[in-house]
Amino acid sequence: MIRNIFVGLLAVVFAAGASFTANDAYAAAKINGEQNQMERAQYQNLMQQGNYNEAYAGFSKLALSADDDPAQVGSDMQNAISCLQQLNRQNEIDAFRDKVIETHKNNWMLLRDAANSLLYGQHWGFMISGKFERGPHRGGGEVVNAAERDRVQALQLMVRAMPLAEKAAAENPAVKSEVGQFFIQFAELWQQG
């Protein structure tokens, strides 16, 4: 009997501790999200003031964080890419984009936004030692146009995003309209070929 009381008390204490832990985790996530929003606004101001290097450091930190808001990470990535363009560091865009995609590979919205960054970004660069480098380059190398290469990569990203978008729409009816827009954009991209 004492053993049953002890087990019961232990279960109550454990359950109370687990609920505090869950509440603490929720509060921490909410605080982290609010802090990211404040940082995002600060980086926007830096960007508007022409402080592109500092803005890039901030936006890239957000975009490369696995804890970034899934709905905001695409915007953070695009702002970081804009900063790289302003800094004339286009040769770093592809590697940065690939890191963000790897960090958020299960986020259909990010995959869509990464595809858009390929479609609407700069399409020319240089072949240097057999490797494509986006943007201007001092010295040797062959100038190449990567529009078709970028389109194919964008299509690949959209294909990767399809099942994730379908799953999101099935789980959350509120995003069905956005998922529908995704499929319309995908169809238009496919037809452009």
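Just so you know, all these numbers are worked out from the coordinates, no wet-lab data involved. Only a predicted model underlies this, so the values are computations on that prediction, with no experimental measurement involved. Because the Cβ atoms are built from the backbone with ideal geometry, glycine has one as well, and the counts that use them run over all protein chains shown.
Odds and ends about this structure:
- Note that region 131-177 shows a convex hull volume over its alpha carbon atoms of 107 Å³ per residue.
- Listed peptides 64-75, 173-184 appear in the order 64-75, 173-184 once ranked by packing, highest mean of other Cβ atoms within 10 Å at the front.
- Positive minus negative residues near Glu188 (Lys, Arg vs Asp, Glu; Cβ under 14 Å): +2
- Candidates Ile184, Leu118, Val143 compared by Cα position along the dipole of region 66-184: farthest toward the positive end lies Val143, with charges placed on Cβ.
- The Rg/Rh ratio of region 94-159, with both radii computed over alpha carbons and Rh defined as the Kirkwood radius, is 1.02.
- Net +/- balance of residues flanking Asn172 in space, Cβ distance below 13 Å, scoring K and R +1, D and E -1: -1
- What the Cβ-Cβ distance of Asp98 and Glu178 gives, at R0 = 25 Å and to the nearest 0.05, is a FRET efficiency of 0.55.
- Put a dot 7 Å past the Cα of Phe132, heading toward its Cβ, do the same for Met162, and the two dots end up 2.2 nm apart.
- The length gained by stretching the chain between Ala57 and Gln86 to full extension, at 0.36 nm per residue less their Cα-Cα distance, is 9.1 nm.
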